[in-house]
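Undergrad: Before I ask anything, let me first share the structure, which is written out below as structure tokens.
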Amino acid sequence: YDIDFTWVPAASSGEKLTSALASNTLADVVTLNSITSSPIRKALANGQFWEVSDYLDDYPNLSKIDEQTRTDASIDGHLYGVPMLKYKARYGVLVRQDWLDNLGLEVPHTIEELSEVARAFTNEDPDGNGKNDTTGFIDRQESFGVGLRSLSGYFGAGSVFELNENDEMVASFTTDAFKEAMEWYRGLYNEGAVNQEFVTLQKQNQYDAIAQSKGGIVVTGLFEAKGFMSLSESADPNTTMAWALVDDMTYDDVPRRILTDTAGGVGGWYAMPKSEVKDEDELRSILDFLDKMSSEEVFGIMTNGVEGEHFEFDENGAVTVLDQNVWDQQVQPFLSSRMSEVTLTYPSNVPYLNEADDKMAAQEEYVVTNPAQSLTSETFDARWNEVNTAIGDAYTKYMVGQYEMEDYEAAIEKERAGDLGKIEAEFTAAYAEVNG
């Protein structure tokens with residue numbers, strides 16, 4: 001194929017896409033990265049792009065896209081592009097292995113064990129410096145939507161929305177499981193086992209605190225262990241930091257599960273606009289091209305470049321870049337255009353990278369996705385940010401002791417009397433229509 005790639009700076013991609021949609025100046029294949037953007041979803045649903053559900057199984061690589069991913073990438077039951085694939089669940093619990101060793105503790109695999117480790121890291125001088133200067137969890141300002149949200153999945157809470165026993169769509173932060181997670185987490189916070197300033201801590205400051213060994217437990221992407229090591233080594237080349245990557249945390253009698261942090265592994269769509277792709281024959285030709293882009297061979301070229309020209313394999317089978325400047329110019333731009341981030345993994349000499357890749361892949365079996373993601377609610381599009389912010393504020397006040405649980409529940413009822421109630425009702429009706 002003779003192809004032209006047009007790369008658009010991420011900062012202006014939304015504006016350029018909106019303009020291109022309005023003026024019908026699109027390419028044959030358009031990468032749509034935001035699956036939650038209301039303008040994009042409306043453009044997909046109003047007939048501007050080809051519906052591809054009936055075509056994927058005709059191609060050897062595209063047919064491997066599993067049904068759950070197809071569902072999560074659909075809009076009201078229709079798939080308006082080929083999904084970009086990511087790991088479905090990258091999160092886990094990172095625990096300082098060297099601190100566990102110093103205290104004679106085992107790697108925690110249950111919430112109960114994690115609680116004990118958090119207390120020990122707070123009270124038993126895990127770094128051995130004779131000072132009371134460590135805590136268990138290092139959390140940050142986005143706890144409600146990131147750290148605690150991920151932890152709530154172990155308690156049985158859903159991923160943003162979930163179906164109750166009556167097939168009604170409800171926000172996961174309203175459920176008993178989510179509130180139980182909150183009560184547990186506040187208990188640790190009150191004991192000092194969660195960093196007390198987390199409600200104002202920015203992400204970079206959280207990472208700095210981790211690198212400075214101020215705490216030993218982080219709820220984050222399993223792949224972050226390698227970054228934490230790099231940060232620590234840059235501050236102290238003789239650092240003793242070591243990490244346990246925990247991907248199988250469970251609680252009580254709740255089966256093993258993990259909430260998706262990547263919208264069910266959907267990074268967006270490769271969409272074919274009808275203004276450019278005029279008929280089914282042209283569509284099939286493009287799908288054939290996308291199918292070949294999904295092959296292991298092309299994935300390898302777009303990931304590493306050409307062997308002998310851009311990289312070579314070392315004695316461990318790991319990829320070694322031959323000239324970083326050449327690789328940056330000739331290979332790196334294609335990384336974001338790959339059909340999938342998970343077609344293949346290559347052995348690495350970077351600490352924790354191989355382990356993280358293996359564990360993120362293994363979590364697919366236990367992933368919990370958002371059943372409302374593929375549905376449409378006009379009130380959600382217009383008002384969800386305000387609703388989520390209001391409940392997030394109530395969560396923060398609960399954590400620091402300004403609210404009790406009845407106050408948090410009152411905040412939910414207040415939102416349910418307004419926009420939250422409309423959102424849940426609209427998603428419930430949309431779910432019934434699609435699955436009726």
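Undergrad: Viscosity 1.306 mPa s, temperature 10 °C: what is the translational diffusion coefficient of the chain from Stokes-Einstein with a Kirkwood Rh over Cα pairs, rounded to a whole number of µm²/s? Write out the running numbers ahead of the final one.
TA: Numbers: Rh = 23.7 Å.
Answer, rounded: 67 µm²/s.
Undergrad: For Lys214 and Asn354, what is the calculated FRET efficiency with R₀ set at 30 Å and r taken between the beta-carbons, to the nearest 0.05?
TA: About 0.60, to the nearest 0.05.
Undergrad: Subtracting the Cα-Cα distance from 0.36 nm times the residue separation, let me have the gained length for Val107 to Leu335 in nm, one decimal. Write out the running numbers ahead of the final one.
TA: Numbers: separation 228, 0.36 × 228 = 82.08 nm, distance 3.50 nm.
Here the answer is 78.6 nm.
Undergrad: To the nearest 20 debye, what charge dipole does the range 1-105 have about its Cα centre, counting +1 at the Cβ of each Lys and Arg and -1 at the Cβ of each Asp and Glu? Numbers along the way, then the final one.
TA: Working: 9 positive and 14 negative charges, 92 e Å.
The dipole of the range 1-105 has a size of about 440 debye.
Undergrad: So what's the net charge close to Pro60: Lys and Arg +1, Asp and Glu -1, counting the other residues with Cβ under 12 Å from its Cβ?
TA: Numbers: positive: Lys64, Lys292; negative: Asp57, Asp58, Asp288, Asp291, Glu296.
Neighbour charge sum, excluding Pro60 itself: -3.
Undergrad: With Cβ to Cβ distances under 14 Å as the rule, what net charge do the other residues near Asp261 carry (K, R +1; D, E -1)?
TA: Details: positive: Lys86, Lys88, Arg90, Arg149, Arg257, Lys359; negative: Asp72, Glu142, Glu224, Asp247, Glu341, Glu364.
Local charge sum for Asp261: 0.
Undergrad: Run the numbers for Leu163 and Glu307: contour at 0.36 nm per residue of separation, minus the present Cα-Cα distance, in nm.
TA: Numbers: separation 144, 0.36 × 144 = 51.84 nm, distance 4.88 nm.
The Leu163-Glu307 span can extend by a further 47.0 nm.
Undergrad: Given R₀ = 22 Å, FRET efficiency for Ala429-Ser38 by Cβ-Cβ distance, to 0.05? Working shown, then result.
TA: On the way: r = 18 Å, r/R0 = 0.83.
The calculated FRET efficiency here is 0.75.
Undergrad: Sticking with the crude label model, points 7 Å out along Cα→Cβ, report the distance from Glu378 to Asn238 in nm, one decimal please.
TA: It is 6.7 nm.
Undergrad: Still on this model: What whole-number value in Å² describes the accessible area per residue of the range 198-252 for a 1.4 Å probe?
TA: Values: 2270 Å² over 55 residues.
Per residue, the range 198-252 has an accessible area of 41 Å².
Undergrad: Measure off, as a whole percent, the carbon and sulfur share of the 1.4 Å-probe accessible area of the chain, all protein chains present.
TA: Numbers: 9390 of 20380 Å².
That fraction is 46 percent.
Undergrad: What accessible area per residue comes out for the range 65-178, rounded to a whole number of Å², with a 1.4 Å probe? Could you put the intermediate results ahead of the total?
TA: Values: 4140 Å² over 114 residues.
Result: 36 Å² of accessible area for each residue.
Undergrad: How big is the gap, in Å, between the Cα center of the range 72-140 and the Cα center of the range 403-429?
TA: Taking the Cα centre of each part, the range 72-140 and the range 403-429 sit 30 Å apart.
Undergrad: In square angstrom, what is the accessible area per residue of the range 355-408 with a 1.4 angstrom probe?
TA: Numbers: 2560 Å² over 54 residues.
Normalised by residue count, the accessible surface of the range 355-408 is 47 Å².
Undergrad: Once you put a point 7 Å from the Cα of Glu406 and another 7 Å from the Cα of Asp58, both along the Cβ direction, what distance in nm separates them?
TA: 6.3 nm
Undergrad: Rounding to the nearest 20 debye, state how big the charge dipole of the range 175-256 is about its Cα centre with +1 on each Lys and Arg Cβ and -1 on each Asp and Glu Cβ.
TA: Details: 6 positive and 13 negative charges, 54 e Å.
Dipole magnitude for the range 175-256 comes out near 260 debye.
Undergrad: May I pose another question? Please name whichever of Gln196, Gly268, Phe49 sits farthest to the positive end of the charge dipole of the chain, dipole taken about the Cα centre and charges placed at Cβ: Lys and Arg +1, Asp and Glu -1.
TA: After comparing all options, I get Gln196.
Undergrad: If a/c stays under 1.5 just call it rounded; otherwise compare a/b with b/c (prolate if a/b is bigger, oblate if not). Do that for the range 263-347, with a ≥ b ≥ c from the square roots of the Cα gyration tensor eigenvalues. Before the final figure, lay out the partial values.
TA: Details: a/c = 2.51, a/b = 2.15, b/c = 1.17.
Judged from the Cα gyration tensor, the range 263-347 comes out prolate (a/c at least 1.5, a/b above b/c).
Undergrad: Highest first, please rank the peptides 115-122, 334-341, 224-231 by the mean number of other Cβ atoms sitting within 10 Å of their residues. Numbers along the way, then the final one.
TA: Values: 115-122: 21.0, 334-341: 16.6, 224-231: 18.4.
So the peptides 115-122, 334-341, 224-231, ranked by packing, come out 115-122, 224-231, 334-341.
Undergrad: Run the 1.4 Å probe and let me know the accessible area of Val326, rounded to the nearest 10 Å².
TA: Roughly 50 Å² of Val326 is accessible to a 1.4 Å probe.
Undergrad: How much length is gained on full extension from Asp253 to Gln68, taking 0.36 nm per residue of separation minus their Cα-Cα distance?
TA: Numbers: separation 185, 0.36 × 185 = 66.60 nm, distance 2.53 nm.
Here the answer is 64.1 nm.
The values are calculated or read from the model by the stated rules, or taken from the named source; none is laboratory data. Everything numeric here is computed off the predicted structure, so don't read it as measured data. Note that each Cβ is placed from the backbone with ideal geometry, even for glycine, and that neighbours are counted across all protein chains shown. Each accessible area value is taken on the protein alone, full model and side chains, heavy atoms only, with ligands, DNA and RNA left out. Shrake-Rupley method; radii C 1.70, N 1.55, O 1.52, S 1.80 Å.
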